[in-house]
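Asks: Quick one: the structure is below, questions incoming.
Derivation of every value follows stated rules applied to the coordinates shown; laboratory data play no part. The structure displayed is predicted, hence computed values, not measured ones. Note that each Cβ is placed from the backbone with ideal geometry, even for glycine, and that neighbours are counted across all protein chains shown.
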Amino acid sequence: MNTLTNTITVKSPADGSVIGEVPISSPQEIDETIARSERAFQDWKQTSIPERVSILRNLRRIILSERQAMIDLVALEQGKPKTEALIVEISPVLETLAFLIHDAPKILAPRRSSPKGPYLRGRSSTLYFHPYGIWTVISPWNYPINTPIVQLCAILFAGNTAILKPSPLTPLCGQWLVDAMHRAGFPKDVVQVVQGGATEGELLLSDPRVRSVLVTGSVATGRRVMEVAAQTNKKVVLELGGKDPAIVLSDADLERSAKGVVWAGMMNAGQTCAAIERVYVEQAVYEPFTQLLKKEIEALRVGNPLTGDPDMGPVVAPFQIEKIDAHVQDSVAKGARLLCGGKRLTELGELYYAPTLLTDVNHDMQIMREETFGPVLAVQAVQSEEEAILKANDSAYGLTASIWTRSRERAQRMAPRLECGAVTVNSHMTSFSDGCGCWGGFKDTGIGRTHGEFGLYELVQTQHVQENYVAKPEIWWYPYSERVRQITDDLYALIAEQRLGKRLALMKRFSAQTGYLNRFMTSHKTMPGLLRYLK
């Protein structure tokens, strides 16, 4: 970012060439953007679900018809290989749109319920789901299309308006995305973009008209977001860092597992919050499995995504390659074995790092404690599945994990004990692509969820409307009296009593005092409620 000229100079990580200049949004422009979003919300929240679904269908058509231009931009601005971009930037979006189009209308429809207790007999309840208002979406550079579009589509479907602030490393992708949403039919003020860095993000976060924020980023960013958002009591959803473990058991299909672990560790040059960074392998297969990993990693083709079709491209910026190299050097200095990689590929350019395999690592090393966000797999032997679970959980992060085994029994025994938001068996990261699933983490990885039913509930405020059309005054209204106290106490005694004879006597006395129980007992609607209380 060039604060002197108030522009972002966009450089391609593939070759360092300047590919564009993007103006940084001024404080006045941000204020006007928020004002437009606030006005647009009043109309947008009144639109029908079928109208919103129709726009989502249009967006799906645009993404599919313009996919080549989109992946070219991702390769240029972010450095992802085009084949990879075609898969990982589009597939999760299509899955989410399918969920929003087909399932979400039922999930956010008003929902009827009936109180079960004796005091609230005869009432009916309805749950309504209302939008919050303006959401700010602060999106990352590593998935500049799929992450914000998945979030924005759900936010808008729920009746909110949104302001996207893309990473200053990928502002062109953010602008393309918002333009595509406008062409699909979303009104221009319903979804807008603000360009800039932390300063511009904090202007959005500190404004009381912005009611909610969804952030994908680092733990440090998440903590700062919470600090600023707390000043105006905003709803906050955070998806932060990860240090994902893979557990390879002795009965796993080793060749298939090696291919899957390498892909999940090296995809996007390892720059994925849900990438495999730690691998725990049962001792019985440790040596053969690490050799298979080495074979797969050494076969990877690293190159410029703009001039070829490599398996892996560059990392995004100098700060990233510095961190990767520091972690690798720390591990080797502390006794790790470097089986392959561990160096910069300067012959390709400034930001290329060799896919790296470290073995015999331990938890005293940075590579096992801190998020590396690079093409590095760190492998440690374990003696049992119990040790694997303990090691996997020994982390401040908890986004996803994977178990590699042929045994359904072992996987189902182990998965619920892993402290993370998603577990996959014999695969990794695929839960992000599941539009009907649930995405988010434990511990420092974040707060709240995206995707699916539970992700939708994060985006709305639930309203409970209870109706009662009985003419008789409520028994607990004024004036209080000894009779009211006795009736209430008898009811509690009846609920608490376990002996049948005593319970029948209490029922008789309660009914004689109020006439209530006779009516209650003859109501087929409220009888299940009493039985629930008496069990």
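Asks: Determine ³J(HN,Hα), in whole Hz, for all residues of the range 447-459 in sequence, where each value follows from phi through the Karplus function 6.51 cos²θ - 1.76 cosθ + 1.60 and θ = phi - 60°; x replaces Gly and Pro.
Replies: So the Karplus estimates, Gly and Pro as x, are 9, x, 9, 10, 6, x, 4, 6, x, 4, 5, 5, 9 Hz.
Asks: Over 21 Å apart: what share of the alpha carbon pairs of the range 1-140 falls there, rounded to a whole percent?
Replies: 67 percent
Asks: Using the Karplus curve 6.51 cos²θ - 1.76 cosθ + 1.60 with θ = phi - 60°, work out ³J(HN,Hα) for each residue of the range 423-440 in order, rounded to whole Hz, and write x for Gly and Pro.
Replies: Per-residue couplings from phi come out as 10, 10, 10, 6, 6, 7, 6, 5, 5, 5, 7, 7, x, 8, x, 8, 10, x Hz.
Asks: A further question on this structure: What is the total of Lys pairs in the range 248-400 with C-alpha atoms under 24 Å apart, excluding same-chain pairs fewer than 8 positions apart?
Replies: For the range 248-400, qualifying lysine pairs total 14.
Asks: Helix 146-157 against the longest principal axis of the chain: what's the angle in degrees, Cα atoms only, rounded to the nearest 10?
Replies: Orientation of helix 146-157: about 30 degrees from the principal axis.
Asks: Still on this structure, I have one more. Cα axis of helix 318-333 to longest principal axis of the chain: angle in degrees, 0 to 90, nearest 10?
Replies: The two axes meet at around 80 degrees.
Asks: Check residue 136: other-chain or 5+ apart residues with amide H under 5 Å from its amide H, H built from backbone geometry?
Replies: 163, 212, 213, 214
Asks: Residues with amide H under 5 Å of residue 193's amide H, sequence separation 5 or more or different chain, H placed in the peptide plane at 1.01 Å from N; which?
Replies: 164
Asks: Going by alpha carbons, how many degrees (0 to 90, nearest 10) lie between the helix axis of 67-78 and the longest principal axis of the chain?
Replies: The answer is roughly 70 degrees.
Asks: Right, here's the next one. Once amide H atoms are placed 1.01 Å from N in the peptide plane, what residues at a sequence separation of 5 or more from residue 403, or on another chain, have their amide H within under 5 Å of its amide H?
Replies: 247, 424, 425, 426, 427
Asks: Please compute, over every Cα-Cα pair in the chain, the percentage with a separation greater than 34 angstrom.
Replies: Percentage above 34 Å: 48.
Asks: Fewest to most neighbouring Cβ within 10 Å: what's the order for 340, 273, 420?
Replies: So the residues, fewest neighbours to most, are 340, 420, 273.
Asks: Just list whichever of 45/234; 80/188; 82/106; 11/82 have alpha carbons separated by over 26 Å in the model shown.
Replies: Checking Cα-Cα distances, 80/188; 82/106 exceed 26 Å.
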